[in-house]
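First up is the structure itself, then whatever we jot down about it.
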Amino acid sequence: MTYNLLIRRGRVIDPASGRDEELDLLIQGDKISGMAKSIPEPEGAEIVDAAGKIVLPGLIDMHVHLREPGFGHKEDIDSGTKAAAAGGFTAVACMPNTEPAMDNDSVVYSVLRRASEKGHVRVYPVGAVTKGRAGKELAEMGEMLKAGAVAFSDDGSAVSTSHLMRCALEYLTAFGAPVIEHPEDKSLSEGGQMNLGLNSTIAGFRGIPREAEEIIVARDIALAGLTGGKLHLTHVSTAGSLELVRRAKARGLRVTCDVTPHHLLLTDDMVLESGYDTNTKVNPPLRSKEDVEAMKQGLIDGTIDAIATDHAPHHVDDKWVEYDYAEPGISGLETAVGLILDKLVRPGLISWSRMAEAMSLAPAKILGVPGGVLNEGAVADITIVDPEREFSVNTRDFKSKGKNTPFQGWRLTGMPWMTIVGGKIIMRNGTIVS
Ligand code: DOR
């Protein structure tokens, strides 16, 4: 099928080529077929007037919980991928802490089948490293790769032992797929409610030390060195973790990492200031000002490769409880772009190109999936942003079933305006049209 779309006069940002200029962009079928200053209108093409808008390679969120199978009351593939499209994402990688866990090829197949029936954006399954995510024996990762998994993680937990992590990294070198590690030593974090520090003392909560994260980061970097494997550390949150990643990169190891918008913007002061709002409870916990500053610096200097939301939708019953009973997690897909634009791009901390790199090009490279670039012949996955549009975060507007956000009521400038997947408009001005 030929589907012609002509995107007119948008400011096109392509971090791979360094391109940043006003261009027309022609889409034919599911590919970009032309990019030039002025492209004549092809017959029958839909014209999108993108003057004043920013045209980016389709954003890819490499850490999302779609909760299917097993937790449809929190989210499912339909609602989660609608939230992704509304948030300007053309693709998501979905984590395996489902019920049953995504630890074998049949669950991967079923998620992909559901995504082809109900999904609104591309869905890339992340298989479990160990069977049942139980940390006892390796799952059949080769079979899952054949079924369509792109990476492996025991997310929610770290891979339980050094031995299993070594085996996983070694095994996956044959396929080039990464292990996405959730760095947390549970023997240090168990029972913790928030970052260990003055605030946890004031609150009277058990604190989670930074070392719970950094010990696993250090262990895994050592194992990446031993095996030559591809290690991706997800939701890093401490200055110490970044120092370890910085040194690993300097050694030439195949180590990458991502940060969430909330760890870039919020500190543990918010737990107290919000009156113990359970929407501030997240794993890893919100950290100190120094850590947040280090995250920003790491994003600016490239120590941090990607921004991922760790979209963790929860049911109201999981959050409307005392702080220590609340589930950790933030519903992040529909606030990420606004937050990054308003708090990092507009004030000039990072450029548009750096944003597109962290939210599109780097995730595509790390996962080994199409997208991340805007050039002739590339897949037509495109995010168009309105940089001047102001809005207030309002969970009533969320397509996600998860209304759990600490950003409710924040006024932000800059909003996803159009999401195009494989040449088809999926979201237009906040409305899902597919
Ligand atoms: O806050 C979190 N929520 N962190 C995780 O690692 C897991 C996630 C979830 O599944 O709810």
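The values are calculated or read from the model by the stated rules, or taken from the named source; none is laboratory data. Quick caveat, the model's predicted, so the values are computed rather than measured. Methodologically, a virtual Cβ is constructed for each residue, glycine included, from the backbone with ideal geometry; neighbour enumeration extends over all protein chains shown.
Among (1) surrounded by fewer than 22 Cβ atoms within 10 Å (Cβ to Cβ); (2) in contact with a helix residue (DSSP H, G or I) (Cβ under 9 Å, 6 or more places away or on another chain), there is one condition residue 409 misses while meeting the rest; what is its number?
(2)
Filter region 42-63 for residues that are surrounded by 13 or more Cβ atoms within 10 Å (Cβ to Cβ) and modelled with pLDDT under 95 and give the result.
42, 45
Is there any pair with a first residue in region 195-211 that is within 16 Å of residue 280 (Cα to Cα) and a second that is modelled with pLDDT of 95 or more and of a type in the set (Phe, Trp, Tyr) whose Cβ atoms are under 9 Å apart and which are 6 or more apart or on different chains, and what are they?
Pairs found: 199/205; 203/276; 203/323; 205/276; 205/323.
Of all residues in region 250-277, how many are of a type in the set (Lys, Arg) and surrounded by fewer than 17 Cβ atoms within 10 Å (Cβ to Cβ)?
Number of matching residues: 1.
Within region 51-99, how many residues turn out to be assigned to a loop (DSSP other than H, G, I, E, B) and away from the ligand (no atom under 15 Å from the Cβ)?
Total satisfying the criteria: 6.
Looking only at residues that are in contact with a helix residue (DSSP H, G or I) (Cβ under 8 Å, 6 or more places away or on another chain) and on the phi > 0 side of the Ramachandran plot in region 343-389, which one is surrounded by the most Cβ atoms within 10 Å (Cβ to Cβ)?
372
So which residues in region 72-93 are surrounded by fewer than 24 Cβ atoms within 10 Å (Cβ to Cβ) and in contact with a helix residue (DSSP H, G or I) (Cβ under 7 Å, 6 or more places away or on another chain)?
78
How many of the residues making up region 144-169 are more than 30 Å from residue 239 (Cβ to Cβ) and surrounded by fewer than 15 Cβ atoms within 10 Å (Cβ to Cβ)?
Count: 1.
Give 158, 177 a once-over and let me know the one that is within 16 Å of the ligand (Cβ to nearest atom), in contact with a Gly (Cβ under 9 Å, 6 or more places away or on another chain) and part of a loop (DSSP other than H, G, I, E, B).
After applying the criteria, what remains is 158.
For (1) touching a residue at least 40 places away in the same chain (Cβ under 8 Å); (2) surrounded by fewer than 24 Cβ atoms within 10 Å (Cβ to Cβ), each residue gets a yes or a no:
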position	(1), (2)
283	yes, yes
288	yes, yes
292	no, yes
296	yes, yes
300	yes, yes
304	yes, no
307	yes, no
313	yes, no
316	yes, yes
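Taking the residues in region 28-50 that are of a type outside the set (Val, Ile, Thr) and in a strand (DSSP E or B) as candidates, determine which candidate is nearest to the ligand (Cβ to nearest atom).
It comes out as 31.
List the residue pairs whose Cβ atoms are under 7 Å apart, where the first residue sits in region 143-155 and is on the phi < 0 side of the Ramachandran plot and away from the ligand (no atom under 16 Å from the Cβ), the second is modelled with pLDDT of 95 or more and assigned to a loop (DSSP other than H, G, I, E, B), and the two are 6 or more positions apart or on different chains.
Pairs that qualify, where the first residue is on the phi < 0 side of the Ramachandran plot and away from the ligand (no atom under 16 Å from the Cβ) and the partner is modelled with pLDDT of 95 or more and assigned to a loop (DSSP other than H, G, I, E, B), are 143/104; 144/104; 145/175; 145/177; 150/177; 150/368; 150/369.
Among the residues of region 189-206, how many are touching a Pro at 6+ places or on another chain (Cβ under 9 Å) and aliphatic (A, V, I, L, M)?
Within region 189-206, residues that are touching a Pro at 6+ places or on another chain (Cβ under 9 Å) and aliphatic (A, V, I, L, M) number 2.
May I ask you to verify whether residue 252 is among the small types (Gly, Ala, Ser), out of contact with any Leu (no Cβ under 9 Å at 6 or more places or on another chain) and at positive phi?
Taking the combined requirement at face value, the residue satisfies it.
So which residues in region 108-125 are out of contact with any Pro (no Cβ under 6 Å at 6 or more places or on another chain) and among the β-branched types (Val, Ile, Thr), if there are any at all?
121, 123
Can you tell me which residues in region 153-207 are closer than 20 Å to residue 222 by Cβ and basic (Lys, Arg)?
Selection gives 166, 186.
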